[in-house]
1. When the residues of the range 21-33 are filtered to those that are touching a residue at least 12 places away in the same chain (Cβ under 8 Å) and hydroxyl-bearing (Ser, Thr, Tyr), which remaining residue is surrounded by the fewest Cβ atoms within 10 Å (Cβ to Cβ)?
2. What pairs come out if I take residues in the range 172-201 that are modelled with pLDDT under 95 and of a type in the set (Phe, Trp, Tyr) and pair them with residues that are surrounded by 14 or more Cβ atoms within 10 Å (Cβ to Cβ) and assigned to a loop (DSSP other than H, G, I, E, B) whose C-beta lies under 6 Å away, six or more apart or interchain?
3. Being at pLDDT 90 or above and not in a strand (DSSP E or B): is that true of residue 25 here?
4. Would you tally the residues in the range 128-139 being under 13 Å from residue 163 (Cα atoms) and under 12 Å from the mean Cα position of the chain (by Cα)?
5. When you check residue 101 against the structure, is it touching a residue at least 24 places away in the same chain (Cβ under 8 Å) and touching a Phe, Trp or Tyr at 6+ places or on another chain (Cβ under 7 Å), yes or no?
6. Have a look at 100, 117 and point out the one that is at positive phi and either among the small types (Gly, Ala, Ser) or surrounded by 14 or more Cβ atoms within 10 Å (Cβ to Cβ) (or both).
7. Can you confirm whether residue 83 is at pLDDT 90 or above, in contact with a Leu (Cβ under 7 Å, 6 or more places away or on another chain), surrounded by 15 or more Cβ atoms within 10 Å (Cβ to Cβ) and among the hydrophobic types (A, V, I, L, M, F, W, C)?
8. Which of the residues that make up the range 34-60 are farther than 18 Å from residue 86 by Cα and crowded, with 19+ Cβ neighbours inside 10 Å?
Amino acid sequence: MLGRRFGRRKVAVDVRAECFRQFFESQLGRSSRTSTIQSDPSMPTIDIETYVAPWDRAVRVIASVGLSYYTRQRGDLAEVMLLVDAEHKVAASAFARIVGLLADEPLAFGLGEVYEGSRSFGRIASRHGKVAMVLVAQPFEEPPLFHVDCDGAPGHVFVLVPVSQAERDLIGAEGWEALEPLLDGVDVSDLGRPSVVSKDRLH
């Protein structure tokens, strides 16, 4: 279910999603890498754009452009982004799988939802201890990349945050609200960051 096909563009990204691309470019500059995902060749594609973060050139901002065509079926124009300081291509692949899932199943799109799977997180889990990603609103104050004007309609950018097994277990046991304050002030782009949840808390 998480698998989607990378391929050459057959149907362009939905026109209304281009406001997000313009917004990302205005904030981050030109994309350093682009790939396209698509499952149904009759439906608009989704681009996965990778940007070098202007505030830290070690960080990559990986963003979707085109997911909003699918999320707006629920009434929301929304894209997602991920910030990582390592394993950029592996992280982009995991990110693309999650975006593909959200396009296929828009009802799976929700704050505090956790997305995981060994195909997506194997190398990230073994090297950095991050086994899943959780969808959140704004886990940090800067940069302000979360509200986009799409021809008068509000668009939103949500963030996928990589989490450790202990953090993922806490979400499962107590909800995202239990983990959210523990991440306050934490650099969520740091794949190697220590878990903010001790094993003792879960016992």
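The values are calculated or read from the model by the stated rules, or taken from the named source; none is laboratory data. Bear in mind that the values here come from a model prediction, so they are computed numbers and not experimental data. Every residue, glycine as well, gets a Cβ built from its backbone with ideal geometry; the counts of neighbours run over all protein chains shown.
1. It comes out as 32.
2. 176/112
3. For residue 25, the condition - at pLDDT 90 or above and not in a strand (DSSP E or B) - is met.
4. Residues meeting the conditions: 5.
5. Details: touching a residue at least 24 places away in the same chain (Cβ under 8 Å): yes; touching a Phe, Trp or Tyr at 6+ places or on another chain (Cβ under 7 Å): yes.
Yes; evaluated as a whole, the condition is true for this residue.
6. On the way: 100 fails: at positive phi.
Among 100, 117, only 117 is at positive phi and either among the small types (Gly, Ala, Ser) or surrounded by 14 or more Cβ atoms within 10 Å (Cβ to Cβ) (or both).
7. On the way: at pLDDT 90 or above: yes; in contact with a Leu (Cβ under 7 Å, 6 or more places away or on another chain): no; surrounded by 15 or more Cβ atoms within 10 Å (Cβ to Cβ): yes; among the hydrophobic types (A, V, I, L, M, F, W, C): yes.
In short, no.
8. Residues of the range 34-60 that are farther than 18 Å from residue 86 by Cα, as a first pass: 35-47.
36, 37, 38, 44, 45, 46, 47, listed by residue number.
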